[in-house]
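Contents: one structure, followed by commentary.
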Amino acid sequence: MIIETLLETLKIILIIFVLMVIVEFFELKYRDKINNSITKKPLRQYTLSSLLGVTPGCFGTFFIVSSYAHGIVGFGALVAVMVATAGDEAFVMLAKIPGTALLIFFICLILGIIAGFLADKIIKKTKLKISKPCEIKVHQ
């Protein structure tokens, strides 16, 4: 039983690792296009983040979290994806209650967009400090 649990854990770790590598690859390869199309457009960030959040699985959330760490999207986009996401549970919901699941996803999409907008407004109004983009410094 312990070996089965360890094997399942290793599978999950491997899947998450591969997803993170894929996300990093796309961000590095298409960074300029991503920057030009969403970085300076907050409403587009909230909408994209919420859409990725309601997509079943964790890929969308990984993508937005990584984009936030690199300074591509703002704090509001991060809040939007977290509010909108159902993660892997979305697969179960679609299998067991497909009609209700779609309604829930639509509501989460709208709530994610609103939450992202409100989060950015609160940050600006209260002047809270949020994390700066991660960067690698090259010393020569």
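Grab the Cα-Cα distance for GLU4 and VAL21, subtract it from 0.36 nm times how many residues apart they are, and report the gain in nm with one decimal.
Roughly 3.5 nm would be gained on extension.
Residue by residue through the range 83-100, which ³J(HN,Hα) values in whole Hz follow from phi under the Karplus form 6.51 cos²θ - 1.76 cosθ + 1.60 (θ = phi - 60°), with glycine and proline marked x?
These are the phi-based 3J(HN,Hα) values: 6, 7, 6, 10, x, 6, 4, 4, 4, 5, 4, 5, 6, 8, 9, x, x, 5 Hz.
Which residue, THR61, VAL21, ILE114, has the largest displacement toward the positive end of the dipole of the range 2-126 when charges sit on each Cβ (Lys, Arg +1; Asp, Glu -1)?
My answer, from the dipole projection, is ILE114.
Longest span of the chain, sites excluded, free of trypsin sites (Lys or Arg not before Pro) in DSSP loop with at most 11 other C-beta atoms within 10 Å?
The longest such stretch corresponds to 41-126.
Set the Förster distance to 30 Å, then compute FRET efficiency between LEU128 and ARG44 from the Cβ-Cβ distance, nearest 0.05.
0.85
Once every DSSP H run of n ≥ 4 in the chain is given -39500 (n - 2.57) and the sum is divided by its residues, what mean residue ellipticity at 222 nm do you get, rounded to the nearest 500 deg cm²/dmol?
Calculated from helices alone, the mean residue ellipticity at 222 nm is -24000 deg cm²/dmol.
For the range 73-80, in order, what is each residue's ³J(HN,Hα) by Karplus, 6.51 cos²θ - 1.76 cosθ + 1.60 with θ = phi - 60°, in whole Hz (x at glycine and Pro)?
10, x, 4, x, 5, 5, 5, 4
Any number yet on Rg/Rh for the chain, C-alpha, Kirkwood?
When Rh is taken as the Kirkwood radius, the ratio is 1.04.
Using +1 on the beta carbon of Lys and Arg, -1 on that of Asp and Glu, and nothing else charged, what's the dipole of the chain about the Cα centre, debye to 20?
860
Only the coordinates and a few stated rules stand behind these numbers; no lab work does. This structure is a prediction, so every number in the text was calculated from the model and none was measured. Positions of Cβ are generated from backbone atoms using ideal geometry, with glycine treated the same way; all protein chains shown enter the neighbour counts.
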